[in-house]
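Reviewing the structure listed below.
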Amino acid sequence: MAPPAPSATGGTGAATGGRAAARRGAKKSAKGGRGKAGKKDKSLIRRIFTWKKILGTFLGLAVAVIGAFLWLYMSTPIPKGNPDADLQSNVYKYGNGAILARDGTVNRENVDLASVPKPVQHTFVAAENKTFYTDAGVDLKGTARGVLNTLMGKGAQGGSTITQQYVKNYYLSQEQTVTRKLKELVISLKLDREESKDYILAGYMNTSYYGRGAYGIQAAAQAYYGVDADKLSVQQGAYLAALLQAPSQYDWSSASATGQRLVKARWNYVLDNMVEQDWLKQSDRAAMTFPVPKQPKAAPGKEGQVGYLVDAANAELARQLVAQGAADDLESANALVRKGGWNIELNIDKAKQKKLEETVKEQLTSKLDKKKRKVDGNVQAGAVSVNPKTGAVEAMYGGVGYTEHFVNNATRTDYQPASTFKPVILAAAFDEKAKTQKGEQITADTIYDGTSKRPVVGSDIGFAPENEDDQDYGDVTVQTALNQSINSVFAQMGVDVGMPEVLKVAGNLGMDTKDLKAVPAQTLGTMSASPLQMAGVYATLDNHGKKVTPAIIKSAQNSAHPSFRLAKAVGGQVIDREAADSVTSVLTGVVDDGTAKKSVRDNPLRKGQKVAGKTGTSDNNKSAWFTGYTPDLVTSVGLFGEDAKTHAQVPLTGATTGLTTTEGRINGGGFPAQIWATYTFGVSTKVSKFDLETDQGAAVRTASPSPSASPSPSTSPSSSPKPSTSPSSSPKPSTSPSTSPSSSPKPSTSPSTSTSPSPKPDEPPGDGDPANPLLGQ
C-alpha cells in the first residue's frame, strides 16, 4: 500500500515548525548569553568561598585558639597564695586624727577536711557544684558566659565550679576582668590535675567568707551555732553552704523578711540536691527543720561604742563604693572593705561622743536595774548627732556596748518613729501649698477638729485614729495640734495633702519610703526608721530644705583605689526654704508650749538656746523618741523595747518604776527628751537663733493670755472658722497665735500650756491593725 501523499497544510506546518524552531533557538541563544554571565558570577563566589577554604579557615582558627590556649596553659603556673588572701587591717580615726580602732585581724582557723563530717561536706557540693567530684575543675559554659558578660559590662556572673571559686579566693582576686577569668580557667584545670578533690574542697571551705567576720568553716560554725566544725549537723551545714551566696543578705539575725525567705529557699535547695545525689535519705530530709542561727556576738576588741562606730563606718563605705561605681553591689563592696588597707577618718567629735555616752548613762542606764525589774533589761537606747550644715555625724550611741548588744540601736530600722513623723506631714503641706477639704490653704493657724476617733474626710480608705488617752481637743490650730501631737488632726491633714505627696516629701527628706503604701495610717508614723534617718530628716529641715545625708566618714583612702572619693553629704534643695523654715518655727512650740516643755524648755542648762523638736511614742509603748535641733546641731534619741532573750519588740512601760499603769509609761517627752537636752545644752558653746524666712509658727509669734474659763471642746470639722476651746479637764489653757488665716477669723483656744490629764493605759486592739492609734507624744 502506497504511503499517503503530503498535503499542502503539512508543508506549511513544516515551515511553521521550522520558524518556531528558529525562534526557540534564538531565545535559547539569548538565554545562553545571560547564563554565561551568571555562571561567571557564581563561579567567582565559589572560587573565593569554596568548602575547602571555609573548612580550612575554621580549622586554622581552631588550631590558633587551641595553640593560644596551650601556650597560656603551659606559661601559666599555679601561683603561690595571693597576698590579698591575707587581709590587711583597716585604721579608723576620730575627726581630730586620734586613733579610734584598728580592725583587720582575720577570724579564721583552717581545719582538715577530715574534721568536717562527710554529710556537711556534701552540703557545700550540693549548694555550689553537684558535678564537683567528676568534673575537670571548670565549667566551660559558665566561664564563657562570664567572659561574654564581662566584655559586655554586665558585671559579676555566677556559674563557677568550687575549684574555680577556690582559685579566685586564694590565688587570684575578686576583680571582674577577662584576663582574670582566663587565668582562673587555666589554674583551675591545672589544680584539678595536680591536687585531690578533698584538697580543693578543704581549701574552698577554709577560704570562703561567711559573714559576721568569719572566714572559713570553723569560724563560721562558731559564729552561727557556737560549735566546732566537727559538731555541725547536716541542717546547720546546709545553712552555712547556702549563706555563701550572699552572706550579708542571708544572715538570719539581720536579714529582712525577703532575705530570710530567700536563704530558707536556698537551704531547701541544698538538701533537695543531696537527696538527688543519694547523699541524704528522703525520709531524713523530710524530718529536717530549719536551724535558726544564734544571735551574733562581737569580735574581741570592739567593746563599748567602738564596734558600733566601726561597723557603721564600714556599712557607709560599702554603700559609697557602690554609689561611686567602685563595686557592682553591696556584697562585692563589703569584700573590698574587708580586704583591708583603708585609712578611714570619721566625723566623730571625740568630746561630743564622750558627752553623749556619759549623758545616756547619767539620764537612763544608771537608773535601770533588771534584777529588780525585768522590763529594765528590755530597754535599748540609740542616738545620733548631726551637724546640719555639713552632714557630719559627730556622735553616735549604739547601745550599752558592742560586745553586750551586737545590733546598733542608732542605725536599726525596725521600730516605728511614731509622732516624730508628724513634721514631715506638715512639711509636705507647706511645700505642696496644700489645701483643706474646704479649699483653704494650710498654715500654722488653720483650724482643724481635734476630736479623738474622728473619721477622716476625703479618703477612699476609712480611718479614725484615736488621740493619746482618747482625749478630745475640739477645734485647734495646726500649731496647737503639733504642740499636743494630736493624731486626728494630722490624719486629716495627710489626706488633705494627699498621702502620695506626703510619702514623696518623706523620701526627699531622707526616709525610706519605696515600699510604703500611701494610706492614711502612715500619718501616725507606722513605717520603720532609725535615729540616723530621723536625724537626717530634721537636719534637712534645719538646713532650710537642703538635703542632708548624715555621713559618719570624713575621708577614706586606699592605695588600691586612688580615684575613690566620698559623695557630698549636703545636696540641693529638696523642699522650699520657706516650707522648711515654717516647720522649724512651728516645732519650737512643741518645746516651749507642748509635749517636750518639761524636759527641754525648763531644763536649767538651756540658757536661752533656741530649740525645735518633736516627741514620739509608738503603738503599745514599744518605742519612744525625741528628735530636736538647734541652729547648729541635730540629735535624734530613740528608746526601744526589745526582749533580752527573744529580741522581740516589747513595751517599755514600767522601766525604772515597775509601774504597769500609765504612770509607768515611757513617753518621748521623758527619757529621750531628757537625754537630748542634757547632751545638747552640755556641748553647746554659744546661744544661737534660727535664721527663718517665715511669718508663721511659734518662733515668730507669742501666745496671748488665756481666758479663765474653759468651755467644752468643739466637734467642728477641719478648717472650721468656729474657734475651739481646750478640753475642760485642762486648767487655764492659753490661746493660739492671734493672727489666723482669713478662713479662720477667730483663733482657737489651745491646750498647749495646760497640765495634761493623767494618761490612760495604752491598750490598742492589736499590732498591725491600721486603725490602731499610736501614742500622740
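Values in this text are rule-based calculations from the coordinates and carry no lab data. Remember, it's a predicted structure, so these values are computed and weren't measured experimentally. Cβ placement follows ideal geometry from the backbone for every residue including glycine, while neighbour counts extend to all protein chains displayed.
Would you mind ranking 675, 54 by Cβ crowding within 10 Å, fewest neighbours first?
On the way: 675 26, 54 10.
Ascending Cβ contact count within 10 Å gives the list 54, 675.
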In Hz, Karplus ³J(HN,Hα) per residue of the range 251-268 (6.51, -1.76, 1.60; θ = phi - 60°; x = Gly, Pro) = 5, 4, 5, 10, 6, 6, 4, 5, x, 5, 5, 5, 5, 5, 5, 5, 4, 5
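Treating only the Cβ of Lys, Arg, Asp and Glu as charged (+1, +1, -1, -1), what charge dipole size does the range 273-319 show about its Cα centre? Round to the nearest 20 debye.
Details: 6 positive and 6 negative charges, 27 e Å.
Using only the charged Cβ atoms, the result is roughly 120 debye.
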For a quick protection proxy, order the peptides 456-462, 647-653 by their average other-Cβ count within 10 Å, most packed first.
-> 647-653, 456-462
Give a residue-ordered list of calculated ³J(HN,Hα) values for the range 225-230 (Karplus: 6.51 cos²θ - 1.76 cosθ + 1.60, θ = phi - 60°; whole Hz; x for Gly, Pro).
-> 10, x, 10, 7, 4, 6
For residue 554, other-chain or 5+-apart residues with amide H closer than 5 Å (H placed, Pro excluded) are 345, 346, 347
Residue 441's amide H: which non-local residues (gap 5+, or another chain) put their own amide H closer than 5 Å, with H modeled 1.01 Å from N in plane and none for Pro or chain starts?
-> 436
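Could you rank the peptides 441-448, 336-343, 589-596, 97-104 by their average count of other C-beta atoms within 10 Å per residue, with the highest value first? Please report the intermediate quantities before stating the final value.
Values: 441-448: 25.9, 336-343: 19.4, 589-596: 28.2, 97-104: 14.8.
Result, highest mean first: 589-596, 441-448, 336-343, 97-104.
Highest first, please rank the peptides 490-499, 193-202 by the mean number of other Cβ atoms sitting within 10 Å of their residues.
On the way: 490-499: 25.3, 193-202: 15.4.
Going by the mean number of other Cβ atoms within 10 Å, highest first, we get 490-499, 193-202.
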Of 412, 606, how do they rank once you tally other Cβ atoms within 10 Å and put the fewest first?
-> 606, 412
Amide H neighbours of residue 610 under 5 Å, at least 5 residues apart or on other chains, H built in the peptide plane: list them.
-> 688
Footprinting proxy, 358, 432: sorted fewest to most Cβ within 10 Å, the residues are 358, 432
In whole Hz, what ³J(HN,Hα) sequence does the range 110-116 give by Karplus (6.51, -1.76, 1.60; θ = phi - 60°), x for Gly and Pro?
-> 5, 10, 5, 4, 5, 7, 9
